[in-house]
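Contents: one structure, followed by commentary.
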Amino acid sequence: MSFERSSHARPPIQKKKTQPVFCVGWRAFVHWPPAPVGKAGPVPLLNAEGRQLANDLADGQEVEILGWRPRSREGTSYHIRRLLDRSEWWVEVSFLRRHSTLTPGAANQDVNR
């Protein structure tokens, strides 16, 4: 039996990879540079019910990747552990970077504040 491709079938849409990818066990750094105007609050972390979680994460703090959760629209979330005090949170990939200092490309990332 042979199958023919329907004229309505389209190939899957390829999304551009604009966010970094981290492996479990890797080290990363919090990406929360100071806002150009006004006071920056804490990194926006939400629990499963969508409520804001209190935290004191600061830009440049080193974290370890413990796990990840793919989420199509919102992007990937990572389970992180801060090395300073072993505190753990889930954070969106946009709030992580690979280097301890901002690189020119990372400084231009769009971070919703």
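Bear in mind these aren't lab numbers, they're just calculated from the coordinates by the rules spelled out. Everything numeric in this text was worked out from a predicted model, so none of it was measured. Counting neighbours? That spans all protein chains shown, and the Cβs are built from the backbone with ideal geometry, glycine included.
Which cross-chain or sequence-distant (5 or more) residues have an amide H under 5 Å from the amide H of Trp68, H modelled 1.01 Å from N in plane?
The answer is His79.
Once the Cβ-Cβ distance between Arg98 and Arg73 is put in as r, and R0 is 25 Å, what FRET efficiency do you end up with, to the nearest 0.05?
0.55
Which residues' amide hydrogens lie under 5 Å from the amide hydrogen of Trp32, considering only partners 5 or more residues apart or on another chain, with H built in the peptide plane?
Asp59, Gly60
Give, as a single signed number, the net charge of other residues whose beta carbon lies under 11 Å from the beta carbon of Asn55, with Lys and Arg counted +1 and Asp and Glu -1.
-1
Determine the shape class of the range 27-103: with a ≥ b ≥ c the square roots of the Cα gyration tensor eigenvalues, call it rounded for a/c under 1.5, and otherwise prolate if a/b is greater than b/c, oblate otherwise.
Because its axes are fairly even, with a/c under 1.5, the range 27-103 counts as rounded.
Once label points are set 7 Å from the Cα along Cα→Cβ at both Leu83 and Thr18, what is their separation, rounded to one decimal in nm?
For Leu83 paired with Thr18, the spin-label model returns 3.0 nm.
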